[in-house]
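Read-outs throughout are calculated quantities, based only on the coordinates presented, and are distinct from any laboratory measurement. All values reported here derive from a predicted model rather than from experimental measurement. Here Cβ is always computed from backbone atoms with ideal geometry, including for glycine, and neighbour counts include all displayed protein chains.
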Amino acid sequence: MFYVYFLKSLQDPSKKYIGYTIDVAQRIEKHNAGGSAHTKQYKPWTLVTYVAFDSQEKALAFEKYVKSGSGYAFAKKRLW
């Protein structure tokens, strides 16, 4: 499975992050250990939700969509 996941910073709840992975638990551990330049400043992070896909192409397309203007509005209303 391939996942698009949504994180929220516990330090600053206004900070959010959307990412793609094949192992959600391992990826959150990496974010919380400071292993990502984009998220290390606002750790620790908590998982808000994730969406599973049966293909990498679908997951990457969804990640790209939710990072776009209309996709972010959808995510804000339905997934955060």
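All other residues whose Cβ lies under 13 angstrom from that of LYS8 are scored, Lys and Arg at +1 and Asp and Glu at -1, for a net of +3. Summed over qualifying helices (DSSP H, 4 residues or more, each -39500 (n - 2.57)) and divided by its residue number, the chain shows a 222 nm mean residue ellipticity of -11000 deg cm²/dmol. Derived value for the chain: Kirkwood hydrodynamic radius 12.7 Å. Basis is the mean of 1/r over every pair of different alpha-carbon atoms. Only Lys, Arg, Asp and Glu carry charge here, each on its Cβ (+1 for the first two, -1 for the last two); on that basis the chain has a dipole of about 360 debye about its Cα centre. When peptides 41-50, 67-76, 3-12 are ranked by their average number of other Cβ atoms within 10 Å per residue, the highest-first order is 3-12, 41-50, 67-76. Here's the list of lysines a cross-link from LYS16 could span, going by alpha-carbon distance under 17 Å and ignoring same-chain residues fewer than 8 apart: LYS8, LYS30, LYS40, LYS43, LYS64, LYS67, LYS76, LYS77.
The relative contact order of the chain, computed from alpha carbon pairs under 8 Å that lie at least 6 residues apart in sequence, is 36 percent.
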